[in-house]
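Below is one structure, written out as structure tokens, with a few remarks after it.
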Amino acid sequence: MKNAIVRLLATGLYLGYLPFAPGTFGTLWGAAIAYLLKDDPVYAKALMTAAVFMASVIVSGREAGSTGEKDPSRIVCDEALGFLVAFFLLPMSAFNLILVFILFRFFDILKPYPIGLIERGLKGGLGITADDAMAGVYANIAANAVIWLVK
């Protein structure tokens, strides 16, 4: 039972098993969580983001460890966390959701410095999760810049 719960969470309610673009669907899971938190105060959003980070480190590490793979594509809880980081403190709107989604996927796939180093340098669940958190930071900064420019 415990392994089934770990797999359920690590794979984003099994979205990670989709045959194409599992990371993209994992990011959608993060967008859904962000939308559900839209009316919550900032401290609740921060606590949820921290909780998702910790849970992602734990379950992704256990799921990857169960097969011996470094970062299996079926693990998408880290993408959900990355989106939450990318959307943090931004106002909820369709434009912002789409903008952050595109920017996060861009930085997550491209892995500009030091994201690639983080991914290669850290092991286990922390390595799986931390690079997506950093991609989320980059996406958040870029989204803030775009939103500032278009206003």
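The table that follows gives values for the structure above.
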read-out: Total charge dipole magnitude, the chain, about the Cα centre, Cβ charges on Lys, Arg, Asp, Glu only, Debye to nearest 20; value: 80 debye
read-out: Interatomic Cα distance distribution for the stretch 61-147, bins of 10 angstrom, percent; value: 19, 48, 25, 8, 0
read-out: Mean separation of Cα contacts under 8 Å (6+ apart) over length of the chain, as relative contact order %; value: 29 percent
read-out: CD proxy at 222 nm, helix term only [per DSSP H run n ≥ 4: -39500 (n - 2.57); per residue of the chain; nearest 500]; value: -24500 deg cm²/dmol
read-out: Helix axis angle, 124-150 relative to the chain longest principal axis, alpha carbon, degrees; value: 10 degrees
read-out: Principal axis dimensions, the chain - Cα atoms, whole angstrom, descending; value: 48, 32, 29
read-out: Between 0 and 90°, nearest 10: helix 42-67 axis offset from the chain longest Cα axis; value: 30 degrees
read-out: Above-threshold pairs, the threshold being 27 Å between Cα atoms, out of Lys45/Lys111; Lys2/Lys111; Lys2/Lys38; Lys38/Lys70; value: Lys2/Lys111; Lys2/Lys38; Lys38/Lys70
read-out: Relative contact order (%) - the stretch 29-100, alpha-carbon pairs under 8 angstrom, separation at least six; value: 46 percent
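Each reported figure results from applying straightforward, stated rules to the coordinates on display, with no laboratory input. Quick caveat, the model's predicted, so the values are computed rather than measured. Reconstructed Cβ throughout: ideal geometry from the backbone, glycine too, with neighbour counts over all protein chains shown.
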